[in-house]
Amino acid sequence: MEPIKAIDVRIFPHRRLKPGTTEKLLNELLDLEGVLKFLVNGESLPKVVGYGPARGTRVNHPDRKIITVKGKEVELLVSVGDIIVTIRHENLEEFVEKTKAILEETLNFGFDVRVGIFTRTKTTVSDKLKVAYGIEEDFDPNLIGLVDPKTNSKETVKLIGD
Amino acid sequence: MDPDFEMKKIRSINDEDIVSVLGHRNPGESYKSVHPPLDEMDFEEDMMKELVEPIPGAKEGGRTRYIQFADSMYNAPAHPYDRARTYMSRFRGVDTGTLSGRQVIEIRELDLEKISKELLETEFFDPAKTGLRGATVHGHSLRLDENGLMFDALQRYVYNEETGMVSYVKDQVGRPLDTPVEVGEPLDEEHLKEITTIYRSDNVGMREDKEAIEAVLTIHKARTDGGFGLGVFKNDLKAKLGDDK
């Protein structure tokens, strides 16, 4: 595999995004050139109440919805706080400019767009464990930094496009 | 905090609705008791018991129950420490606990409902930035959502985009309610900025914030002086060293 030059762009809205807005944003961002992967971060939303007298009751959180990104259904597991986009380095300037324009149009509150490295770039022991011990048989090295070491990447990673 | 200051009442909520949101007993159900009424009990003679008038709930022997609030850092009207001081100065017979993001008040059930009514109906409470949460309280330090609501993993309250009202669909601990309880519309953000008790400013460097630096320095100086006992223990120390003559 030939190494490519990539960089992260972190979109940090000043409010937590609703599923509808996230869907719109992701679809528009995916149309831009040079996009490699998205990391949608936020506070995780439980499916059932974890503790207290109501333990075991379903939560039915309105933010935990299934959104459609480019025709693929993606279940949002978090209340969206920020979106980290990994892009090809040569598309950086154009991407940032267009992203700002999209955000200004979609959001009616402030946001920050920062450029830097916000995802892991090296394989960790847990990543290696996943492969070596067959925890996940065909662990794709492209997923490094996208997946929480404790989770199963099948649940949290969705492949969209080619 | 001043107990003589009358808080502005800005909304009204049914007593029954408050009972159902608290979730300690069903509306209409009688209070459970943990001991017989005080009048029927025999006590050995005690000056203090004669001096202190028991609160109504204690007289009846009711259970001790709680109400807990989480206050957003984004200009909620009240904050844990202020709440604690306010509770202590305004109400009798309360036990209150302060944590960074939430504030619990424990008192006999009968009195709790009266207090809850006061706390929920006055400007002490904002439907969007204050949350009634018994368990899973996380959210006070997170960004607000698009409608200005504080994060709640259990989504006890929802914002109706058409009417602009916030209503509770679950009780304090996350058990679904039969009928939603409307708690009015969120307060205006500008107004909240004026009445909030929190000190905050966003995106300002610590060293550029004169007021914050002044407060930190004052605390630092007071702690240092107090810790070393400068001026306080001087004479004591001198005496020990035999230097006081």
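Values as computed for the structure displayed
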quantity	calculated
Meets criteria (part of a loop (DSSP other than H, G, I, E, B) and charged (D, E, K, R)) for A:Lys122	yes
Selected residue (only one of B:Glu121, B:Glu50, B:Glu60 is more than 14 Å from every other protein chain (Cβ to nearest Cβ) and without any contact (Cβ under 8 Å) to a residue 24 or more places away in the chain)	B:Glu50
Sole exception among (1) buried (at least 17 other Cβ atoms within 10 Å of the Cβ); (2) more than 8 Å from every other protein chain (Cβ to nearest Cβ); (3) touching a strand residue (DSSP E or B) at 6+ places or on another chain (Cβ under 7 Å) for A:Val59, by number	(2)
Residue within segment B:157-168 that is under 21 Å from the mean Cα position of the chain (by Cα), facing chain A (nearest Cβ under 8 Å) and within 22 Å of A:Lys47 (Cβ to Cβ) present	no
Selection within segment A:30-50 - more than 11 Å from A:Ile87 (Cα to Cα) and either in contact (Cβ under 8 Å) with a residue 60 or more places away in the chain or more than 11 Å from chain B (Cβ to nearest Cβ) (or both)	A:Asp31, A:Leu39, A:Val40, A:Asn41
Positions within segment B:175-201 being without any contact (Cβ under 8 Å) to a residue 40 or more places away in the chain and farther than 17 Å from B:Ile13 by Cα, in sequence order	B:Pro176, B:Asp188, B:Glu190, B:His191, B:Glu194, B:Tyr199, B:Ser201
A:Glu73 being more than 14 Å from chain B (Cβ to nearest Cβ), out of contact with any strand residue (DSSP E or B) (no Cβ under 8 Å at 6 or more places or on another chain), outside any loop (DSSP other than H, G, I, E, B) and free of Cβ contacts under 8 Å to residues at least 40 places away in the same chain	no
Every residue from segment B:1-30 that is without any contact (Cβ under 8 Å) to a residue 40 or more places away in the chain, acidic (Asp, Glu) and either loosely packed, with under 10 Cβ neighbours inside 10 Å or over 19 Å from B:Pro176 (Cβ atoms) (or both)	B:Asp4, B:Glu6, B:Glu29
Flag for A:Pro53 being within 14 Å of chain B (Cβ to nearest Cβ), closer than 30 Å to B:Leu154 by Cβ and surrounded by fewer than 17 Cβ atoms within 10 Å (Cβ to Cβ)	yes
Criterion violated by B:Pro176 - all others in (1) within 14 Å of chain A (Cβ to nearest Cβ); (2) more than 20 Å from A:Lys47 (Cβ to Cβ) satisfied	(2)
Failed item in (1) part of a loop (DSSP other than H, G, I, E, B); (2) modelled with pLDDT of 85 or more; (3) not hydrophobic (A, V, I, L, M, F, W, C), with B:Tyr199 passing the rest	(2)
Neighbours by Cβ (under 9 Å, 6+ apart or cross-chain): first from segment A:99-111, within 20 Å of B:Asp145 (Cβ to Cβ); second of a type in the set (Val, Ile, Thr)	A:Leu103/A:Ile11; A:Leu103/A:Val113; A:Thr106/A:Thr21; A:Leu107/A:Thr21; A:Phe111/A:Ile11
Residues satisfying the stated conditions in segment A:16-44, i.e. in contact with a strand residue (DSSP E or B) (Cβ under 6 Å, 6 or more places away or on another chain) and either among the aliphatic types (A, V, I, L, M) or part of a loop (DSSP other than H, G, I, E, B) (or both)	A:Leu17, A:Leu26, A:Gly34, A:Val35, A:Leu36, A:Leu39, A:Val40
Selection from segment B:172-196 of residues that are over 13 Å from B:Phe125 (Cα atoms) and in a loop (DSSP other than H, G, I, E, B)	B:Gln172, B:Val173, B:Gly174, B:Arg175
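The values are calculated or read from the model by the stated rules, or taken from the named source; none is laboratory data. Values in this document were obtained by computation on a predicted structure and should not be read as measured data. Ideal geometry is used to build each Cβ from the backbone, glycine not excepted, and the neighbour counts take in all protein chains shown.
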